[in-house]
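The values are calculated or read from the model by the stated rules, or taken from the named source; none is laboratory data. None of these values were measured; they are calculated from a predicted model. Cβ atoms come from the backbone with ideal geometry, glycine included; neighbour counts cover every protein chain shown. Side chains included, ligands, DNA and RNA excluded: accessible areas come from the protein's heavy atoms. Shrake-Rupley method; radii C 1.70, N 1.55, O 1.52, S 1.80 Å.
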Amino acid sequence: MSKIGMRNAWFQVHKWIGLILAVAIIPLSVTGAALVWDDALDHALNPQRYATSGDGLQPMQRYVAAARGLLAPGDRIASVALPSAPGEPVIVVASTASTAKRTAAPPPRKTVWIDPATAHVLDSAGSGGGLIRTFHMIHGSLLIPGVGRQVVGWIGVAMLLSSVSGLWLWWPTVGRWARGLRWRRHRNTDTNLHHLLGFWIALPLFVLSLTGAWISFPQVFGGAQGGAGGKPGARAGGQRPLPLATPKLALDAVIARGNAVSPGAITKVDWPTDQKPSWTLGIAHDARAVTVADGDGAAKVVPEPREQLARTMRRIHDGTRMGIVWQIVIFLGGLLPAILAVTGIIMWWRSRGWRAQLKARQRARGEAVVLS
């Protein structure tokens, strides 16, 4: 195939990916950009959760008792996290009673926000509601039941092709590649915008599309990360762990045993589960953790676990602990594809009008020849 033929083929691939998937690309892009700043967004949407009265701390058992006052019978405490920064609340997470129906899907949970100084409940919410949760559902499955995650994964694969084909089409056909960085490559602003933004976002979009497809198809990459189908947290049989309803040890005793082997401020406590019957305690300013066996109370310091590749890919995709520069990049990587989709549609629609005019002129010339 000649260079012109190859360029035309890539153009058709790029054009039809953009036109067919534009309706899906825009909500995926916008929600992905918003979720980069989900903490800040939650502060803005739910200020009552962060209306703390001070930075003093109560015994952790008081926060558990306050949360239990809102939980339904059968709900199970899963974790308690102390404030990570001044002015932040204590966060208690519980698995709801409906998790008795074991599935491989993430179990429904309830989150309770508590004032650290007074142990007063500030707010509570289930895992299935709220604008941010809706954004997560749109970005993860487009709200399509059952196969939504796979649909999003295939859109990610299509976006991989779109970023590669777009870069090919951006490359100038005449002269050095730097000519492609000029603003005025066309007389229309939307076309210039499409070319320039497309170039700068091509590599980040490739990375975001690859990591998004990786997250959507964990079973494909399971062998590469040494996990069971690439689903962290799922045991053999695909079932998620559940916190124990009635642990043998009291929380105060667990904290005392943890401090005995590693003195320091406890920042988080994870309850024992039916798959791992031991408590896990996070220690301030220490990458290590302390585990306390729920049976005999044996406590030991454990090193920070090696991060699985699946978790690394997710952090790259959502920007968690990746630094402000990468977070800004993926924020733009969420917004710009939506702009590219809109400008691409405008360019396609204008080309239809131009082609229609050209065909009309050709027909007019043909009629003139016949008449003559």
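A count restricted to region 261-282 and to residues that are in a strand (DSSP E or B) and over 14 Å from Met60 (Cα atoms) stands at 4. Keeping to region 12-22, report how many residues are within 12 Å of Gly344 (Cα to Cα) and either open to solvent by 60 Å² or more (accessible area, probe 1.4 Å) or under 24 Å from the mean Cα position of the chain (by Cα) (or both). Selection size over region 12-22: 6. Checked against (1) closer than 25 Å to Gly5 by Cα; (2) of a type outside the set (Asp, Glu); (3) at pLDDT 80 or above; (4) touching a Leu at 6+ places or on another chain (Cβ under 8 Å), Pro204 passes all but a single condition, namely (1). The numbered conditions (1) at pLDDT below 70; (2) under 17 Å from Ala310 (Cβ atoms); (3) loosely packed, with under 15 Cβ neighbours inside 10 Å are all true for Gly237 except (2). Only one of the listed residues (Arg62, Arg133, Arg76) is among the basic types (Lys, Arg), more than 30 Å from Val30 (Cβ to Cβ) and surrounded by fewer than 19 Cβ atoms within 10 Å (Cβ to Cβ). That residue is Arg62. For region 283-297, a residue qualifies if it is aliphatic (A, V, I, L, M) and more than 20 Å from Tyr63 (Cβ to Cβ), and the qualifying residues are Ala287, Ala293. All conditions in (1) out of contact with any Asp or Glu (no Cβ under 7 Å at 6 or more places or on another chain); (2) surrounded by fewer than 15 Cβ atoms within 10 Å (Cβ to Cβ) hold for Ser262, with the sole exception of (2).
Scanning region 319-341 for residues that are of a type in the set (A, V, I, L, M, F, W, C) and open to solvent by 70 Å² or more (accessible area, probe 1.4 Å) yields Ile324, Val325, Ile328, Leu332.
Applying the criterion of being assigned to a helix (DSSP H, G or I) and β-branched (Val, Ile, Thr) to the residues of region 156-185, the residue that is modelled with the highest pLDDT is Val157. Would you call Asn188 surrounded by fewer than 17 Cβ atoms within 10 Å (Cβ to Cβ) and modelled with pLDDT under 80? Yes: the conditions hold for Asn188. Within region 39-49, one or more residues are assigned to a loop (DSSP other than H, G, I, E, B), modelled with pLDDT of 90 or more and either surrounded by fewer than 17 Cβ atoms within 10 Å (Cβ to Cβ) or within 29 Å of the chain's Cα centre (by Cα) (or both). Residue selection: Ser29 satisfies the criterion of being among the hydroxyl-bearing types (Ser, Thr, Tyr), more than 30 Å from Thr118 (Cβ to Cβ) and surrounded by 15 or more Cβ atoms within 10 Å (Cβ to Cβ). Hey, does region 101-108 have a residue that's buried (at least 19 other Cβ atoms within 10 Å of the Cβ) and under 30 Å from Pro277 (Cα atoms)? Checking region 101-108: at least one residue is buried (at least 19 other Cβ atoms within 10 Å of the Cβ) and under 30 Å from Pro277 (Cα atoms). Scanning region 283-297 for residues that are more than 28 Å from Asp39 (Cβ to Cβ), in contact (Cβ under 8 Å) with a residue 24 or more places away in the chain and touching a strand residue (DSSP E or B) at 6+ places or on another chain (Cβ under 8 Å) yields Val292, Asp294. Residues of region 303-318 that are free of Cβ contacts under 8 Å to residues at least 40 places away in the same chain and surrounded by 13 or more Cβ atoms within 10 Å (Cβ to Cβ): Thr312, Arg315.
On the basis of being open to solvent by 20 Å² or more (accessible area, probe 1.4 Å), at pLDDT below 90, small (Gly, Ala, Ser) and more than 26 Å from the chain's Cα centre (by Cα), does Ala256 make the cut?
no
Residue pairs whose Cβ atoms lie under 9 Å apart, separated by 6 or more positions or on different chains, with the first residue in region 263-282 and on the phi < 0 side of the Ramachandran plot and the second surrounded by 22 or more Cβ atoms within 10 Å (Cβ to Cβ) and in a loop (DSSP other than H, G, I, E, B), are Ser278/Pro272; Trp279/Trp271; Trp279/Pro272; Thr280/Trp271; Thr280/Pro272. Within the span defined as region 223-231, every residue fails to be modelled with pLDDT under 90, in contact with a His (Cβ under 7 Å, 6 or more places away or on another chain) and farther than 30 Å from Val64 by Cα.
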